[in-house]
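Shown next, in C-alpha cells, is the structure this report addresses.
Nothing in this text is a laboratory measurement; each read-out follows from the coordinates by a stated rule. For clarity, every value in this text was computed on a predicted model and none was experimentally measured. Quick reminder, even Gly has a Cβ in these numbers, built from the backbone with ideal geometry, and neighbours come from all protein chains shown.
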Amino acid sequence: MAGNWKMYKTAEETADFFHQFNSLVDGNSRCDIVIFPTFVNLQTAVQSVANIPVEIGGQNLHWGKEGAYTGEVSSVMLTAVGCKWVLVGHSERRQYFCETDANVLKKTQAALEAGLSPIICVGEKVDERKSGHTEQVLIEQFAAGVAGLTEEQFSKVAIAYEPVWAIGTGQTATPEMAAEAHSLIRQEAAKRFGQDAADQLRILYGGSVKPDNVARLMKESELDGALVGGASLDPQSFSEIVKSA
Ligand code: PGA
C-alpha cells in the first residue's frame, strides 16, 4: 500500500503524520507500506519510520547520478537519504513536466542501478478510454517504458495502473475495469518476460482509492495493492486503507 503525497505537507506536518500513523499501523504484517513525501521532507520521513516497518520513497528522479541539472534529484541521493522506493512516470509528471516513456525507461534503469525499487505508473486519459483506446495506450506505455528492461531488472519493479480520469476526481475505476487493465498489463509482461515473472509482478491500482472503496477493489485478485494520493495524507484514513490489504 503506497501513499503518494504529491506537493503536500511541510516537515512539521510530515512528522505529525507519522506521530499518529505509526501507532495506528503498529503490528501490521499484512502488506508493505510505502510513503512518498516531497524531496525536502524525505529525511524527516525516514527518521520518523526508523522503528516501524514503513518505507519511504521519492516521487521522481533524474536518470543521471549527478551533474548540471538544476532542480533535479538523482537515484544516488535518494538512496543516501534512506529511500527504498521511487515513483517513475506518474501521470502528473507526464502531463505537466513532459515525462516521456523513453525517460521512464531511463529513470527506471537508474533507480534499479542504485538499488531502489521503482513503481512505474501507466494509465489512459479520459478521451483515450472514451474512444476505446485504453488497451492500445497501456500496451504502448509498457512497450516503450518497461519492455526494455532486462529480466532481472523487471523482477524488481512494480507497476501502478492509474487511469488519469480517476486521479483526484473521486471517480474510481470499478473493480472490474481495474482488473481488466491489470490483466492486460500482466499479459504484456508474460509475453516479454515469461509467465513466472508476470505472475510475480505486483500491480497496484491508483485513482481515488478511499477507505470506503478499497475493500471492493482489493477483492479482485489481479489487484496487488493501491497507490493512494489524497486519502494517504490523513493518518486515520491511510491506516484504514492499509488494514484492507
Ligand atoms: P488520488 O491520487 O488517490 O488522489 O486519486 C492517486 C495518485 O495520483 O497516485
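May I ask you to derive the relative contact order of the chain, considering only C-alpha pairs under 8 Å and at least 6 residues apart, and to give it as an integer percent? Spell out each step's value before the answer.
Working: 469 pairs, mean separation 49.3, N = 245.
Over the chain, the number comes to 20 percent.
May I ask you to work out the translational diffusion coefficient for the stretch 125-245 at 10 °C, viscosity 1.306 mPa s, via Stokes-Einstein with Rh from the Kirkwood sum over Cα pairs, reported in whole µm²/s? Could the numbers behind the result be given before it?
Values: Rh = 14.8 Å.
It diffuses with D of about 107 µm²/s by this estimate.
If you take every residue apart from Gln47 with its C-beta less than 14 Å away from the C-beta of Gln47, what net charge results, scoring Lys and Arg +1 and Asp and Glu -1? List each step's numbers first, then the result.
Values: positive: none; negative: Glu12, Asp16, Glu55.
Taking every Cβ under 14 Å from that of Gln47, the sum is -3.
At a Cα cut-off below 15 Å, give the aspartates and glutamates reachable from Lys243, other chains included and same-chain residues fewer than 8 away excluded.
Asp26, Asp32, Asp212, Asp224, Asp234
Based on the inverse mean of 1/r over its pairs of different Cα atoms, what is the Kirkwood hydrodynamic radius of the chain, in Å?
Result for the chain, one decimal place: 18.0 Å.
Ignoring the sites themselves, what is the longest stretch of the chain with no chymotrypsin sites (Phe, Trp or Tyr not before Pro) in a DSSP loop and at most 12 other beta-carbon atoms within 10 Å? Numbers along the way, then the final one.
Details: sites that count: Tyr69, Phe97.
Longest stretch, sites excluded: 98-245.
Restricting to DSSP H runs of at least four residues, report the calculated mean residue ellipticity at 222 nm for the chain, -39500 (n - 2.57) per run over all residues, nearest 500 deg cm²/dmol. If you can, show how the numbers build up before the last one.
On the way: 12 runs with 107 residues, N = 245.
Per the formula, -12500 deg cm²/dmol.
Of Lys130/Lys191; Lys6/Lys84; Lys9/Lys107; Lys106/Lys219, which sit over 23 Å apart, Cα to Cα? Mind showing how you got there, number by number?
On the way: Lys130/Lys191 27 Å; Lys6/Lys84 17 Å; Lys9/Lys107 25 Å; Lys106/Lys219 34 Å.
Long pairs (Cα-Cα over 23 Å): Lys130/Lys191; Lys9/Lys107; Lys106/Lys219.
So, counting K/R as plus one and D/E as minus one, what does the shell of residues with Cβ under 11 Å around Ala111 add up to? Walk me through the numbers before you get to the answer.
Working: positive: Lys84, Lys106, Lys107, Lys156; negative: Glu113.
Result for the local shell: +3.
How many angstrom lie between the C-alpha centres of the stretch 191-219 and the stretch 10-33?
23 Å
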